[in-house]
1. If you go through the stretch 191-204 one residue at a time, how many are buried (at least 18 other Cβ atoms within 10 Å of the Cβ) and either in contact with a Phe, Trp or Tyr (Cβ under 8 Å, 6 or more places away or on another chain) or in a helix (DSSP H, G or I) (or both)?
2. Condition (residue is of a type in the set (A, V, I, L, M) and closer than 19 Å to L229 by Cα) applied to the stretch 187-207: is it met by at least one residue?
3. Checking L645 against (1) out of contact with any helix residue (DSSP H, G or I) (no Cβ under 8 Å at 6 or more places or on another chain); (2) in contact (Cβ under 8 Å) with a residue 12 or more places away in the chain; (3) part of a helix (DSSP H, G or I), which single condition isn't satisfied?
4. Is there a residue in the stretch 163-183 that is open to solvent by 20 Å² or more (accessible area, probe 1.4 Å), assigned to a loop (DSSP other than H, G, I, E, B), touching a residue at least 60 places away in the same chain (Cβ under 8 Å) and among the polar types (S, T, N, Q)?
5. Among the residues of the stretch 812-833, how many are assigned to a loop (DSSP other than H, G, I, E, B) and touching a residue at least 60 places away in the same chain (Cβ under 8 Å)?
6. Limited to the stretch 834-848, what total is found for residues that are assigned to a helix (DSSP H, G or I) and either modelled with pLDDT under 85 or under 30 Å from K585 (Cα atoms) (or both)?
7. Search the stretch 838-849 for residues that are closer than 14 Å to V812 by Cβ and pair each with any residue that is assigned to a strand (DSSP E or B) and charged (D, E, K, R) when their beta-carbon atoms are under 8 Å apart and the residues are at least 6 apart or on different chains.
8. For the stretch 647-666, name all the residues that are open to solvent by less than 20 Å² (accessible area, probe 1.4 Å) and acidic (D, E).
Amino acid sequence: MSDTAPAVIAPEATRELIARYKGRLKSGGEALRTAYETRPLTEPILKGRSQLVDGVLLDIWQDFGLPASAALVAVGGYGREELFPCSDVDLLFLLDAAPDHDLGERLTQMIGLFWDIGLDIGHSVRTVDECLEEAASDVTVMTNLLEARLIGGNERLFGHFATRLRGQLNVGQFFKAKQLEQEQRYTRHNDTAFSLEPNCKESPGGLRDLQLIGWISRAAGLGTRWRDLAHHGLITDDEATELRDLERFLQHVRIRLHHMANRREDRLLFDHQEKLARRFGFDATDARRASEVFMQEYYRTAKKVSQLNTILMLNFGVEFFPNRYPAAININERFQCVREHLDVRDEGVFDRHPSALLECFLLLQQRSELKGMTARTLRALWRGRKLLNAGFRHDPANRALFLRLLQQKRGVVHEFRRMNQYDILSYYLPAWRRIVGQMQHDLFHVYTVDQHIMQVLRNVRRFMVAEHAHEYPLLTRLATSFEKPWLIYIAALFHDIAKGRGGDHSKLGMKDAREFCTAHGLDDTDTSLVEWLVEHHLSMSNVAQKQDLSDLDVIRRFGDVVKTERRLTALYILTHADIRGTSPKVWNGWKGKLLEDLYFATQRLLRGATPLQALGTPIRQDEARNLLRYYGLRPGTEDTLWAQLDTVYFMRHDAEEVAWHTRMLYYRAESAEPVVKARPSQAGEGLQVMVYMRDQKDLFVRLCGFFARLGFSIADAKIHTTRHGYALDSFLLLVPGQESHYRDVIALLEHDLAERLHQPGAPVDQPASGRLSREVKHFPITPEVNIRPDERGQHFIMSVTAADRPGLLFDVAETLAHHGINLHTAKIATLGERVEDTFLISGPGLAQDAQILRIEADLLEKLTI
């Protein structure tokens, strides 16, 4: 290399270099892939790609004539020669001094060339001092530099850098920083490996958990292989072998993901799971797809990785901080406290006292000073899990102990998750074993069945804890005053336990729940409540999201099912927790309000209220008047407008909405101009929009088209016509990912929609086109449309089930308008990527079966993707 090389390479020469090295990388990559597919071994392809890139980069380094005082260094995964097919290439340009203009120009051109030949480069240009300064303040930089490997250039400079970096490293601080980093990463992935589309690198139990162990081991000088950790007594020889096998499985998953996607893709998306299963040699069974068999193997791997990661992190803590804690403190004859962790007093405790397999979790709940279990206790727990046999389960003392775990004031969720992690739940509740790692092929669950149940248990538990009262104050008030709240925990554990067996999982789960309650000595009243909750855990959600809550018959039928206020409260708590436990995308404040409205309406009915009182109509009117007085409107101001509004209007709108409408309209009840008002939703998410104008043909279609064109999703619509012929329509609009920007669009929406409504002859806005989600493509839904008369024969109820997509409601509205059908309410229930919408409609043609069939056929044609 020469310091006198030209500052930059001419364009013609650059094009020649790009063609040469791009072809070299392509042919080398294809050869590595062919060799891997012929004989799938992880080390040859990962190390082979590292060496391929090494050769190309070193030649380019020489082509550019970089100074002899500089060094080209591989860092991160590339540094440890573990370069996956489409991984980025992390580089450090190590200099002895800040680059001058000439060197800066050459480095800039060279880095551009790296990108041009198809390398995804992550680079830094630093001196040794700058590296050390960055590493001291950023643990991620320190981690990358720990794995530094010289590709070419100044060996002495690199050696000086490595020596100073090692001298600066504080192993204890590094361990604590990586421990915190792992906790933050787990939080980003909801503390579970059991999402339906996990990330094989970043999710708990993924490759990052193993890499973290490697970084800490390397930093502490404990070696770079699993056998090295066994040699130092941190794991057993069997665990070292198991870690090697687990690592290879996850590496195979990531390699094949990159090959299938032809890009860096670490998520096990539905699109890839079936192909991966075939490449791993998994076949479908009578009951499960090949992808489900493969994913269960993945989940077993992730669970074992998490277990071994926990054991090693505990042992690292002992290794790095040996004298920080006092001597062991005896708790009882079976357990002691060691370094703030629960420890078996000897490794035969569980063999001699099998009930201690449950007792250890109870002690963790009861003793707040205990932060977990020691490594040897976790090992003993895993080995002893099979002691929870039929004899153990039938022992009254063990049954009483299990109930006590549910009845504790703290640690319920944490310890049940730990029991699931170490298979204690699977052996104590045989029905649980069937749902561990079980996929849910729908468009709204994002967790396996067992992890969904754990999420529901967590949500119920949070209602019981005062520190979380600000999240859902009403639920917290109801839950904390509920007698025996642990009964709802039992219902949560069993509500989905029968999924995947065939048949109605609510009925089958009810039977399991009854057997559990009877076996564990619950009295008839408590048993009846639990089995009823399991049987009806979907009822409240279905009524709130799919039926008209302003219809007294709906409330009365639901009240007939519930029968008692205690059941109602327990079901409200469980339903709220269940919906929120399916997926972060499924829940929103509007669904919470629907459940709350149904709860209070049913509560009033059960307490003996009259029909109008049960629906809250007089209460709403009084509350609305009070709000109007609060805003300074004189008594009677509302009379002119309210005279045009019938009882149905007051039944369908809450007091706050009525007051808002009145404030906007009391002085323009006869307005000749359209009135459009919007505000942030009082339910916490979205925009509430009110449209008031003389009714006109196809108004709802025009509104749907306008909102869809702007990218809004209609979550709820209330269509009302006043006694004097005005349309008073209310909408709740959502824009996914735009929650914090609703205020910015209010003025624009009000102005543009009012202008649009001034032009009754203008063409109807067409929805913006959009792509179908991956979930819909992978799990297509056959659309369903059903039109039936309501109980009183005055209106018809139309239910629509379909895959969600842009413009869906517009298509429904347009079809109804084409057939001359009047729309009164639209209840939009979006469950992930699945919509289950319910419409209250009327029209002269609905009395004829042939007309209903034509409408249903036209809708099905529009809804079929």
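1. 8
2. yes
3. Status for L645: all satisfied but (3).
4. no
5. Number of matching residues: 4.
6. 3
7. T838/K827; F839/K827
8. E657 - this is the single residue of the stretch 647-666 that is open to solvent by less than 20 Å² (accessible area, probe 1.4 Å) and acidic (D, E).
The values are calculated or read from the model by the stated rules, or taken from the named source; none is laboratory data. These numbers come from a predicted model, not from an experiment. Neighbour counts are summed over all protein chains in view; Cβ atoms, including those assigned to glycine, are modelled from backbone coordinates with ideal geometry. Ligands, DNA and RNA are excluded from the accessible area calculation, which covers all protein heavy atoms including side chains. Shrake-Rupley method; radii C 1.70, N 1.55, O 1.52, S 1.80 Å.
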